[in-house]
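Engineer: There's a structure below that I have some questions on.
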Number of protein chains: 2
Amino acid sequence: MAGDDEKRSVFGEQAGSVELLWGGRERPSRGPKPGLSLERITRTAMAIADLGGLGAVSMQRVAGELDFTKMSLYRYVPGKTELVALMVDTAMGEPPAPADGAAGNWRTALRDWAEQLAAAFRRHPWLLEAATGPRIMGPNELGWTERALAALADTGLNGGEQLDAVVVVTGHIRAITQVSASLGLGSTQAKEPEQVMSALLNELLVGRSDRFPALTAALASAAETDSRDQSLEFGLERILDGLEAYIARRAAP
Amino acid sequence: MAGDDEKRSVFGEQAGSVELLWGGRERPSRGPKPGLSLERITRTAMAIADLGGLGAVSMQRVAGELDFTKMSLYRYVPGKTELVALMVDTAMGEPPAPADGAAGNWRTALRDWAEQLAAAFRRHPWLLEAATGPRIMGPNELGWTERALAALADTGLNGGEQLDAVVVVTGHIRAITQVSASLGLGSTQAKEPEQVMSALLNELLVGRSDRFPALTAALASAAETDSRDQSLEFGLERILDGLEAYIARRAAP
DNA sequence: AGAAACTGTATCCGACGGACACTGATTTGT
DNA sequence: ACAAATCAGTGTCCGTCGGATACAGTTTCT
């Protein structure tokens, strides 16, 4: 079939991911029935990643959890990268339904979307690591950006600006959740990540406050103020403010 | 010395990084003279990463490039993670001097800072991968955030807000450069990364435009408009707009 | 009754980060 | 002057990783 050749030429090495994520490979009629399934493998790998991070996911480990040999997995998945791609798209899940009250209001729709995205990242912290860089997106992931773009469709932004706006928002969500996330893998999980972070920073700054005066002052001021946890909200609102101003400036004559 | 114990207790496993990045380990008096230096090792590793990405950096490779054995590197560096930390701080380099015309103008100072940061990421694309997540920051990296905070010191933002603002900006720079960067490692480097990206996306969307109408429309609109490359600027200006509005709102009675 | 197609396994490979024991060079204290 | 202490670099070994390949057993089609 010509389509396969075309796919292979356009997608290059990532044709496997495309087929796995998008193409519904039909069960062959001959041969023994498979004892595993893509779904089971993916779920198992996700469970491992949820507990021990992406680094804990190895073919051996996944197969062992399923009481199979490592190599049996390669009957279902071309390689580990493709498995991770599957994990990512599954972990993202169906894009969230647009909130009821958000109809016609791009700002609350986008804010809602961003918070749902942050929630997904918090559910599966390894997503930050796994869904990084440009890769082949699965249906779910593409559905997420579809939702965000749909919220911006009637704002007067052109296509490129809409895409840029989504990039800004996701970039912020990623940056924020990254700080809070991977610290959870540290030894004791007892303290809040923010506290650990500032504790380490403060320790570094001891005796060096003259070299980093602004940092020292900012940390001291932040320590006085009430508990910081509004980083996500603060940045998000600033971005939305900036978008709103731009949109308004455009709409006006 | 009590300080060492304290360091070890606070920094945990990352004490090695701290000592390497911050503490100036004095040369021991006894024993043969070292044939290598931290600096030479780091530079070599960086050169390898610049050419082949972070994945190409292995102890074997670095040592081979220096005509030494793999294990000899462990006389200078506790482990690979610490070496990468050194690479990161060296690659970041001295924080850029504040631009001349930017004195007293936080907006242009911060914009300038952000573009310098993007330039650093473009110089060493592996920084995106290596300087990810919360880790021990070196003097240079800390100097960068010091500069950014210094630009925001007189804005009326409190310490937490200043930190949040820096996080938003860096998050955006990272998000933008990430898209443009790791595609360069792809096969032919001939096309622009943006073009490759949209080509793949368009291929995926063929026959599925009904499922992703907003995306299809946005991509079509973006293709009409002039070449996209303003993603960095667009998002950055939106963020700065949002910050400016917030600052103004605060300053007003 | 084959032959073809398929699943799962066993074995092997190269590369990785790192532990450990060792040789040889250099400095210090006696 | 000499021995003990200290340190640089090497060689060897281990466990783990992703993956290629060859093969045995199973199911279906002709």
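The values are calculated or read from the model by the stated rules, or taken from the named source; none is laboratory data. No experiment lies behind these values; they were computed from the predicted model shown. Here the Cβ is made from the backbone with ideal geometry for all residues, glycine too, and neighbour counts use every protein chain on show. Accessible surface is based on the protein model in full, side chains and every heavy atom, while ligands, DNA and RNA are left aside. Shrake-Rupley method; radii C 1.70, N 1.55, O 1.52, S 1.80 Å.
Engineer: Under a straight-distance cross-link criterion of Cα-Cα below 18 Å, which aspartates and glutamates are reachable from B:Lys33, leaving out those fewer than 8 residues away in the same chain?
Structural biologist: B:Asp67
Engineer: OK, next. For chain A, modelled as a GNM with alpha-carbon contacts under 10 angstrom, which of A:Thr42, A:Thr225, A:Thr155 fluctuates the most?
Structural biologist: Sorting by GNM fluctuation, first place goes to A:Thr225.
Engineer: Something else: Indicate the gyration tensor shape class of the protein assembly as shown (rounded, prolate or oblate), computed on the Cα atoms with a ≥ b ≥ c the square roots of the eigenvalues: a/c under 1.5 is rounded; otherwise a/b larger than b/c is prolate and the rest oblate.
Structural biologist: Note, shape of the protein assembly as shown comes out oblate.
Engineer: Now, a different point. If we hang a label 7 Å off Cα along the beta carbon direction at B:Lys70, how far is it from the matching labels on the other copies, in nm, shortest first?
Structural biologist: 1.7
Engineer: Distances from B:Ala103 to the same position in the other copies: list them in nm, one decimal, shortest first, using label points 7 Å from Cα along Cα→Cβ.
Structural biologist: So the label point of B:Ala103 gives 5.8 nm to the other copies.
Engineer: Which FRET efficiency value, to the nearest 0.05, do you get for B:Arg211 and B:Glu26 by plugging their Cβ-Cβ distance into 1/(1 + (r/R0)^6) with R0 = 56 Å?
Structural biologist: 0.30
Engineer: In addition: How high is the relative contact order of region A:60-180? Use alpha-carbon pairs under 8 Å, at least six apart in sequence, and give a whole percent.
Structural biologist: The normalised contact order for region A:60-180 reaches 29 percent.
Engineer: Using Cα springs under 10 Å in a Gaussian network model of chain A, which residue among A:Glu13, A:Glu224, A:Glu146 shows the largest mean-square fluctuation?
Structural biologist: A:Glu224
Engineer: While we're here: Starting from 0.36 nm per residue, how many nanometres of slack lie between A:Ala199 and A:Ala252 once their C-alpha separation is accounted for? Write down the numbers at each step before the final one.
Structural biologist: Details: separation 53, 0.36 × 53 = 19.08 nm, distance 4.82 nm.
Contour length minus Cα-Cα distance gives 14.3 nm.
Engineer: For region B:126-135, what does the Karplus curve 6.51 cos²θ - 1.76 cosθ + 1.60, with θ = phi - 60°, yield as ³J(HN,Hα) per residue in whole Hz, taken in order and with x for Gly and Pro?
Structural biologist: With the stated coefficients, region B:126-135 comes to 5, 4, 4, 7, 7, 9, 9, x, x, 9 Hz.
Engineer: What dipole magnitude, in Debye to the nearest 20, does the protein assembly as shown give about its Cα centre under +1 on Lys/Arg Cβ and -1 on Asp/Glu Cβ?
Structural biologist: Dipole magnitude for the protein assembly as shown comes out near 1580 debye.
Engineer: Describe numerically, in nm with one decimal, the distance between label points set 7 Å from Cα along Cα→Cβ at B:Phe68 and at A:Asp67.
Structural biologist: So the label points at B:Phe68 and A:Asp67 sit 5.1 nm apart.
Engineer: Where the centre of each part is set by its Cα atoms, how far does region A:15-61 sit from region B:138-170, in angstrom?
Structural biologist: Comparing the Cα centres of region A:15-61 and region B:138-170, I get a distance of 43 Å.
Engineer: Starting from 0.36 nm per residue, how many nanometres of slack lie between A:Thr225 and A:Asp50 once their C-alpha separation is accounted for?
Structural biologist: In short, 59.7 nm is gained.
Engineer: Moving on. Report in % the part of the accessible area of region B:2-92 that belongs to carbon and sulfur, leaving out ligands and nucleic acids; probe 1.4 Å.
Structural biologist: 50 percent
Engineer: What shape does chain A take by its C-alpha gyration tensor, where a ≥ b ≥ c are the square roots of the eigenvalues and a/c under 1.5 counts as rounded, a/b above b/c as prolate, and the rest as oblate?
Structural biologist: Since a/c reaches 1.5 but b/c is at least a/b, the shape of chain A is classed as oblate.
Engineer: Find, among the residues of chain B, the one whose Cβ sits nearest the axis of the rotation taking B to A; state the distance in whole Å.
Structural biologist: B:Gly242, 2
Engineer: If you don't mind, another one. Suppose every Lys and Arg Cβ carries +1 and every Asp and Glu Cβ carries -1, with no other charges. What dipole size does chain A come out with about its Cα centre, to the nearest 20 debye?
Structural biologist: Its charge dipole is roughly 820 debye.
Engineer: Between B and A, buried accessible area summed over both sides at probe 1.4 Å, in Å² to the nearest 100?
Structural biologist: Adding both sides of the contact gives about 5200 Å².
Engineer: Now, a different point. Grab the beta carbon distance between A:Arg43 and B:Leu36, set R0 = 51 Å, and tell me the FRET efficiency rounded to 0.05.
Structural biologist: Computed FRET efficiency for A:Arg43 and B:Leu36 comes out at 0.60.
Engineer: Sequence neighbours fewer than 8 away in the same chain don't count; with that in mind, list the aspartates and glutamates whose C-alpha is under 19 Å from A:Lys70.
Structural biologist: Result set, ordered by chain and number: A:Glu39, A:Glu82.
Engineer: Calculate, for A:Ala103 and B:Glu94, the FRET efficiency according to 1/(1 + (r/R0)^6) with r their C-beta to C-beta distance and R0 51 Å; round to the nearest 0.05. Walk me through the numbers on the way to the answer.
Structural biologist: Numbers: r = 51 Å, r/R0 = 1.00.
About 0.50, to the nearest 0.05.
Engineer: Evaluate the relative contact order of chain A (contact order divided by residue number), counting alpha-carbon pairs under 8 angstrom at least 6 apart; express in whole percent. If you can, show how the numbers build up before the last one.
Structural biologist: Working: 185 pairs, mean separation 45.3, N = 253.
Answer for chain A is 18 percent.
Engineer: Further question on the same structure: How many nanometers, to one decimal and shortest first, lie between the label point of B:Ala199 and those of its other copies, if labels sit 7 Å from Cα toward Cβ?
Structural biologist: So the distances to the same position in the other copies read 5.1 nm.
Engineer: Would you mind getting the accessible area per residue of region A:100-251, heavy atoms of the protein chains only, 1.4 Å probe, in Å²?
Structural biologist: Here the per-residue accessible area is 44 Å².
Engineer: To continue, here is another question. If you roll a 1.4 angstrom probe over the protein chains with everything in place, what fraction of the accessible area of region A:100-251 belongs to carbon and sulfur, to the nearest %?
Structural biologist: With neighbouring chains kept in place, the figure for region A:100-251 is 50 percent.
Engineer: Going by the alpha-carbon gyration tensor, a ≥ b ≥ c the square roots of its eigenvalues, is region A:2-92 rounded (a/c under 1.5) or, if a/c is not under 1.5, prolate (a/b greater than b/c) versus oblate? Write down the numbers at each step before the final one.
Structural biologist: Details: a/c = 2.21, a/b = 1.36, b/c = 1.63.
Oblate, since a/c reaches 1.5 and b/c is not below a/b.
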